[in-house]
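The values are calculated or read from the model by the stated rules, or taken from the named source; none is laboratory data. Bear in mind the structure is a predicted one, so any value in this text is a computation, not a measurement. Because the Cβ atoms are built from the backbone with ideal geometry, glycine has one as well, and the counts that use them run over all protein chains shown. The area values use the complete protein model at the heavy-atom level, side chains included, leaving out ligands, DNA and RNA. Shrake-Rupley method; radii C 1.70, N 1.55, O 1.52, S 1.80 Å.
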Amino acid sequence: LEEVPLEVLRQRESKWLDMLNNWDKWMAKKHKKIRLRCQKGIPPSLRGRAWQYLSGSKVKLEQSIGKFDELDVLPGDPKWLDVIERDLHRQFPFHEMFVSRGGHGQQDLFRVLKAYTLYRPEEGYCQAQAPIAAVLLMHMPAEQAFWCLVQICEKYLPGYYSEKLEAIQLDGQILFSLLHKVSPVAYKHLSKQKIDPILYMTEWFMCAFSRTLPWSSVLRVWDMFFCEGVKIIFRVGLVLLKHTLGSSDKLKSCQGQYETMERLRALSPKIMQETFLVQEVIELPVTERQIEREHLIQLKKWRETHGELQCKSPPRLHGAKAISEAEPPTRKALESVPSIIVPPGPAPVPKARKSKEKSREKGPASPANGPGAEGNGVPGSARELLHPQVSPHHQSKESLSSRESEDTYL
């Protein structure tokens, strides 16, 4: 693990707290700064909260209050429940959350995956969703993890978990085409050996490298992935291929198809090391535009050979900025709602007239006209509680995701 000095970590935490508490402003005007800070690594104490903001799952949760609880109590489809049950113990079996059968980690994992099959019954469950959900649960409670999973499946990697795996096959061809530009040597070798991309990149992409890279590298890749979208997954794949098969020296021990596949299954620890990998990923010149251009080319080829895609997945959104612009939080939802509503009283009496009326009164003052009276029988201090004087600028004009009280999950 790369050790970050404590003082630097505290400074980063302070900066991230400021960003999270003013999220809309930062996302609208300083998105590049957010991207740079994600590349440096999100502080561990704020990672779960930051992932929710970046993915838009915080807003999604606020707009769907009670939906997860509603799905949670439903029995679910038996055909998916059996498969999910069998997969629970395979996810990070040495992690303290998932080590015991029936423990809270496995229970929450089951709840999240079952809820997704009910939320998207036409898609159901795919085994690659389990490690994704498990990583999320290590950083946030079940409900937040569920909505984060929804955003990954629908916005970041749409179509990846559908039955025919068409989206992942298309992305395999896009990866291979981009490899031709990034590392012609690796491209030529894989072409010569007739190794289809689906054989080595499926687990990489579908699990977002959570079952491939060392843990510290996984977290850094996910920080950038949530911010910048699927191009980070492509870049990581290209870096691994380039540094594994990208020179004649490296290919000496990969003469055949079997040896090449073994090398790709047992990647060198050096190229997966956090600092090296992250720097290579940042510097690799592969953009969203290139990915989308290749997508159109491969889609045309697919239609010529396979016909129309059977899975009609929504368009892919490239990262936090695109998601934020596609799904802006409604301003109505940001208005403060009073917890106590008082029926309207009589119209207020002007001050001058009120003082004249007081002077005309005889006898002991009635309780309603005592100090602090406001004309409707409610003492002034009580009315302040019922109708607090909130300036329109008191509440920050942020997305729902910035209204924090209890959601920092450590």
Here is a check on your reading of the model: is Gln290 out of contact with any Gly (no Cβ under 6 Å at 6 or more places or on another chain), open to solvent by less than 60 Å² (accessible area, probe 1.4 Å) and not basic (Lys, Arg)?
yes
Out of the residues in the stretch 57-78 that are among the charged types (D, E, K, R) and touching a helix residue (DSSP H, G or I) at 6+ places or on another chain (Cβ under 7 Å), state the one that is least open to solvent (accessible area, probe 1.4 Å).
Lys58
Could you grab me the full set of residues in the stretch 293-321 that are closer than 30 Å to Gln52 by Cα and surrounded by 15 or more Cβ atoms within 10 Å (Cβ to Cβ)?
Glu294, His295, Cys311, Ser313, Arg316, Leu317, His318, Gly319, Ala320, Lys321
When (1) charged (D, E, K, R); (2) open to solvent by 40 Å² or more (accessible area, probe 1.4 Å); (3) touching a helix residue (DSSP H, G or I) at 6+ places or on another chain (Cβ under 7 Å); (4) not assigned by the TED database to the domain that holds Glu327 are applied to Asp171, the one that fails is (2)
Can you tell which of Thr202, Thr244 is more than 19 Å from the chain's Cα centre (by Cα), closer than 27 Å to Leu170 by Cβ, surrounded by 21 or more Cβ atoms within 10 Å (Cβ to Cβ) and of a type in the set (S, T, N, Q)?
Thr244
Look at Val221 and say whether it is assigned by the TED database to the domain that holds Glu325 and within 13 Å of the chain's Cα centre (by Cα).
no
Just name the residue that is farthest from Arg220 (Cα to Cα) out of those in the stretch 107-141 that are assigned to a helix (DSSP H, G or I) and open to solvent by 10 Å² or more (accessible area, probe 1.4 Å).
Leu118
Filtering the stretch 169-199 down to residues that are polar (S, T, N, Q) and not in a helix (DSSP H, G or I), which residue is farthest from the chain's Cα centre (by Cα)?
Gln193
Within the bounds of the stretch 27-41, is there any residue that is at pLDDT below 95, in a loop (DSSP other than H, G, I, E, B) and under 16 Å from Arg220 (Cα atoms)?
yes
Scanning the stretch 52-92 for residues that are under 17 Å from Ala134 (Cα atoms) and either in the same structural domain as Thr212 (by the TED database) or among the basic types (Lys, Arg) (or both) gives Arg86, Arg90
Give me the residue from the stretch 244-267 that is touching a Lys or Arg at 6+ places or on another chain (Cβ under 9 Å) and not in a helix (DSSP H, G or I) and, out of that set, nearest to Lys188 (Cα to Cα).
Cys254
